[in-house]
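Participant: Next up is a structure, given as structure tokens.
We did not get these values from a lab; they are worked out from the coordinates using the rules stated. Keep in mind that what you see is a predicted model, and the values were worked out from it rather than measured. Here the Cβ is made from the backbone with ideal geometry for all residues, glycine too, and neighbour counts use every protein chain on show.
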């Protein structure tokens, strides 16, 4: 079974990527989506989307290309979508979201980090986000966040904490 590894001085994360045998369903797959909470002065950079009548905020990241390491995915996606180079700090959490609407069963690998160079700006060729905003920690709890890790993200902004596996978390479907 394929594995992808992320290593830095603080964290070693081995992630089983996605194919296991289930006798009742055959081969089951799970999408792996790395994302990065870019943090600056107790604020986090979030991307705003509009689905139906709901504003939904996303943590920058994206889909892993075949054979690509998680940190390489983050570097590519943030360069394409926001025009920035990043520095990955540590793993914040792992969380699963179950299928909902058009969204697949997903394993979210959320890291923290910072912008190393460039000024974040949306590239409409690579993202459907409507806007980009540095959101203060005090406002995180009020947002519809995807994935819905508001408390974990708030804790990351206010204190250093160990990586956590959050398990399967409920995700409302908008759209």
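Participant: Order of 145-154, 50-59, 116-125 by packing, highest average Cβ count within 10 Å first?
Facilitator: 145-154, 50-59, 116-125
Participant: Provide 159, 142, 77 in ascending order of the number of other Cβ atoms located within 10 Å of each residue's Cβ, fewest first.
Facilitator: Numbers: 159 7, 142 10, 77 23.
Going from sparsest to densest Cβ surroundings: 159, 142, 77.
Participant: Right, another one. From Cα pairs below 8 angstrom and at least 6 apart in sequence, can you work out the relative contact order of segment 59-172, rounded to a whole percent?
Facilitator: Numbers: 166 pairs, mean separation 33.7, N = 114.
Relative contact order for segment 59-172 comes out at 30 percent.
Participant: State the dimensionless ratio Rg/Rh of segment 19-126 (Rg: radius of gyration of Cα atoms; Rh: Kirkwood radius).
Facilitator: Radius of gyration relative to Kirkwood radius: 1.01.
Participant: Shifting gears a bit: At residue 138 and residue 48, where each label point lies 7 Å from the Cα along Cα→Cβ, what is the point-to-point distance in nanometres?
Facilitator: The answer from the label model is 1.8 nm.
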